[in-house]
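Visitor: One structure, as structure tokens, below. Some questions next.
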Amino acid sequence: KTGYSTDAEVLDMLRHESPIVEKILAYRSVAKLVSTYCEGLAVLINDKTKRIHTTFNQMVTATGRLSSSDPNLQNIPVRTEKGREIRALFYPGAGYDTLVSADYSQIELRILAHLSGDEALIKAFVDGKDIHRFTAAEVLGKSQEDVTSEERSHAKAINFGIIYGISDFGLSRDLGITRGEAKNYIDLYFSRYPKVKEYMDRMVQEAHETGKVRTMFGRQRELPDINSRNFNRRSFA
């Protein structure tokens, strides 16, 4: 990026610098709800059924995830009170009284345990452990009963951050700690789950050698910039 940025990520880091930042973020949040959902959903109501019908796409995302469009019903807000009011607009049709919502529990971490073959991570899931509390205990060398809420929260950020290759800089920014502390967390994580580190290094090496990655179901994703001389393009790949 060039020049000054006022996107949500930047403002979120500056929210403690001035009270106006919080007001700007609040305004943008409400404006997004109004334009995308209050106004956006209304024009998509089908004249005949009086319902909103989305389209699910199987071959659109580069990663192979299912996506939804016109409108995107996979992204109905729920984190804020105003957002939950939008979600309340969806209710069962006449003669029905239930909407079913299903979600995999910590699916990314379970897949990581399977692909890496890390015994400690696998055992944690087999034993039904709270994986974030378990990780905090493993990394900090204390009993799970002694793990604080803050320590569990940090472990959760590490667990999910590791999957997407978070750096010590990124983790320090997310948790509000020093880079040294963040690096120590990451090093301790890999010392407790060594096969996760081995698996990730092996996948990166394979990507550099072949220019692509492959899922366990055989789906390939080309990474043409993985060996680019341009640092930014290479990092993005």
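The values are calculated or read from the model by the stated rules, or taken from the named source; none is laboratory data. Since this is a predicted model, take the numbers as computed values, not measurements. FYI the Cβ positions are ideal-geometry reconstructions off the backbone, even for glycines, and counts take in every protein chain you see.
Visitor: Would the range 64-73 turn up any residue that is farther than 23 Å from Phe217 by Cβ and either among the hydrophobic types (A, V, I, L, M, F, W, C) or not assigned by TED's automatic domain parsing to the domain that holds Ala31 (or both)?
Guide: Yes; the residues of the range 64-73 include at least one that is farther than 23 Å from Phe217 by Cβ and either among the hydrophobic types (A, V, I, L, M, F, W, C) or not assigned by TED's automatic domain parsing to the domain that holds Ala31 (or both).
Visitor: Would the range 55-69 turn up any residue that is touching an Asp or Glu at 6+ places or on another chain (Cβ under 9 Å), part of a loop (DSSP other than H, G, I, E, B), at pLDDT 90 or above and surrounded by 10 or more Cβ atoms within 10 Å (Cβ to Cβ)?
Guide: no
Visitor: Could you check the range 221-237 and list, in sequence order, the residues that are over 9 Å from Gly211 (Cα atoms) and among the polar types (S, T, N, Q)?
Guide: Across the range 221-237, the qualifying residues are Ser228, Asn230, Asn232, Ser235.
Visitor: Wholly within the range 125-237, which helices (runs of 4 or more DSSP H) include no fewer than the required count, namely at least 2 residues that are crowded, with 17+ Cβ neighbours inside 10 Å?
Guide: 131-140, 149-163, 168-175, 179-192, 194-210
Visitor: Ok, one more. Of the conditions (1) closer than 30 Å to Leu14 by Cβ; (2) in contact with an Asp or Glu (Cβ under 8 Å, 6 or more places away or on another chain); (3) not acidic (Asp, Glu), Ser116 clears all except one; give me its number.
Guide: That leaves (1) as the condition not met.
Visitor: Restricting to the range 1-41, give me the number of residues that are aromatic (Phe, Trp, Tyr) and outside any loop (DSSP other than H, G, I, E, B).
Guide: 2
Visitor: Take the residues in the range 96-119 that are of a type in the set (S, T, N, Q) and out of contact with any helix residue (DSSP H, G or I) (no Cβ under 8 Å at 6 or more places or on another chain); name whichever of them is farthest from Ile162 (Cα to Cα).
Guide: Looking at residues that are of a type in the set (S, T, N, Q) and out of contact with any helix residue (DSSP H, G or I) (no Cβ under 8 Å at 6 or more places or on another chain), I get Thr98.
Visitor: Quick one: how many residues across the range 26-45 are among the small types (Gly, Ala, Ser) and either in contact (Cβ under 8 Å) with a residue 12 or more places away in the chain or within 18 Å of Tyr91 (Cα to Cα) (or both)?
Guide: 3
Visitor: With the requirement that a residue be in contact (Cβ under 8 Å) with a residue 12 or more places away in the chain and under 17 Å from Ile163 (Cα atoms), what does the range 120-132 give you?
Guide: Ala120, Leu121, Phe125, Ile131, His132
Visitor: May I ask you to list pairs of residues, at least six apart or on different chains, whose Cβ atoms are under 6 Å apart, with the first in the range 185-200 being over 14 Å from Phe134 (Cα atoms) and the second being of a type in the set (Ser, Thr, Tyr) and not in a loop (DSSP other than H, G, I, E, B)?
Guide: From residues that are over 14 Å from Phe134 (Cα atoms), the pairs are Lys195/Ser116; Val196/Ser116; Tyr199/Ser116.
Visitor: For the range 46-62, indicate whether the set of residues that are among the hydrophobic types (A, V, I, L, M, F, W, C), over 30 Å from Val213 (Cα atoms) and either free of Cβ contacts under 8 Å to residues at least 12 places away in the same chain or outside the structural domain of Ile177 (by TED's automatic domain parsing) (or both) is non-empty.
Guide: Yes, the range 46-62 has at least one match.
Visitor: Determine, yes or no, whether Thr49 is over 30 Å from Ala237 (Cβ atoms), among the hydroxyl-bearing types (Ser, Thr, Tyr) and part of a loop (DSSP other than H, G, I, E, B).
Guide: Criteria met by Thr49.
Visitor: Please verify whether Tyr185 is under 22 Å from Gly141 (Cα atoms) and either of a type in the set (Ser, Thr, Tyr) or at pLDDT 90 or above (or both), treating the condition exactly as stated.
Guide: yes
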